[in-house]
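S.K.: Could you have a look at this structure, given as structure tokens, before my questions?
Values in this text are rule-based calculations from the coordinates and carry no lab data. Since this is a predicted model, take the numbers as computed values, not measurements. Reconstructed Cβ throughout: ideal geometry from the backbone, glycine too, with neighbour counts over all protein chains shown.
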């Protein structure tokens, strides 16, 4: 019974706002018709794109709301811009079609939801107040005594309760499904959006890859190469002075050995930025746990059963966690942090959160852009939630089904 009531309350959370937006749609539909007519006079060329953009924000809100209720993931749809694109875009006509249908269907479902929401309290009030308020009816009958009032009230309460518990969730599902169906992009549009998304992520991946190669070249040129040149010079001088000044030659050989050790350490650092050796030694679970243990901010690490994860995905996940924890230590002012890594079907999900000051932005030198580019290169997704005042939560989803 508790679950039924929760379902009814969730259903009312869909139907009652639908009633409000349906009433608004009754007003907006004529306004769009007027905007269309004004195109002939020229003014509509400026009004229509703005009106279409506002309508699209409205329909996107409706899609997200319906998707949350049905448990269906809803990807955002890019809005059209400019008069020609607005007129030609199938999205504009989908939004208008939904607006017209919602003005009627949403009004009906919303009114039924309102009746269901008021039915139970109205029945209880009628049973209690029938002696005081004249013309109070129960099931259309004027009660003459308490026995009649209680009997009729019980029947009416059962009917209104059934409407609330069973009809409201069904109406809410119908309302949400109609909205999603009317506003869903066609297969051709989804394919075109996917092509655009892949082109954008590939361009970002190539840019990130080029930057990574330039960084490696700079590290090798400024670090390892300079050290190797110094070693070669010392060994050459040592060779020439070996007979005339053995002690100086021995000192130069020792310095060359020390320089070789430093060069090897530098090379290990460069290799570590490509694929951290700890991943090969301890796997992703052990590597993430080590990152949490090394973080200056106390960090709780939770790693589920990951199964077999491609090496590229492991590296991207490791760097995402490492960069996120670096941000926590440097910028957040947090007292505690948490890392969660788990496998859900064919996806690896990483969440890093902290209780710090929030306000993280990608343009603030926090490395978030690098995380997003590295993840996008593998067709993954990155979401950053960091309101001012905190907390901050970074979510990364990487596909594992290569």
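S.K.: With 10 angstrom as the radius, rank 186, 35 by how many other C-beta atoms surround their C-beta, starting from the fewest.
M.R.: Details: 186 11, 35 19.
Listed from fewest to most nearby Cβ atoms, that is 186, 35.
S.K.: OK, next. Give me the number: length gained by fully extending residue 228 to residue 68, i.e. 0.36 nm times residue separation minus the C-alpha to C-alpha distance, one decimal in nm. Don't jump to the answer; show the numbers that get you there.
M.R.: Numbers: separation 160, 0.36 × 160 = 57.60 nm, distance 5.98 nm.
Full extension from residue 228 to residue 68 adds 51.6 nm.
S.K.: Roughly speaking, what is the stretch gain from residue 162 to residue 343, that is 0.36 nm per residue apart minus the C-alpha to C-alpha distance, in nm to one decimal? Before the final figure, lay out the partial values.
M.R.: Values: separation 181, 0.36 × 181 = 65.16 nm, distance 4.10 nm.
Using 0.36 nm per residue and subtracting the Cα-Cα distance, I get 61.1 nm.
S.K.: Next question, about the same structure. What is the spin-label model distance, in nm, from residue 285 to residue 218 if the labels are put 7 Å beyond Cα along the C-beta direction?
M.R.: Label at residue 285, label at residue 218, 3.9 nm between them.
S.K.: Quick one: 56, 385, fewest Cβ neighbours within 10 Å first, how do they rank?
M.R.: Working: 56 21, 385 12.
Neighbour counts put them in this order, fewest first: 385, 56.
S.K.: What is the list of residues in segment 386-400 whose amide nitrogen lies under 16 Å from a point 7 angstrom out from the Cα of residue 300, following Cα to Cβ?
M.R.: 391-394
S.K.: Oh, and also: Say each of residue 104 and residue 191 gets a label point 7 Å from the Cα, pointing the same way as Cα to Cβ; how far apart are those two points in nm?
M.R.: 3.3 nm
S.K.: I've got another one for you. According to a simple spin-label model (label point 7 Å from Cα along Cα-to-Cβ), what is the distance in nm between residue 293 and residue 330?
M.R.: Result: 2.4 nm between the two label points.
S.K.: When ranked by the protection proxy of mean other Cβ atoms within 10 Å per residue, highest first, what sequence do the peptides 305-314, 91-100 form?
M.R.: Details: 305-314: 14.2, 91-100: 18.9.
Averaged packing, sorted descending, gives the order 91-100, 305-314.
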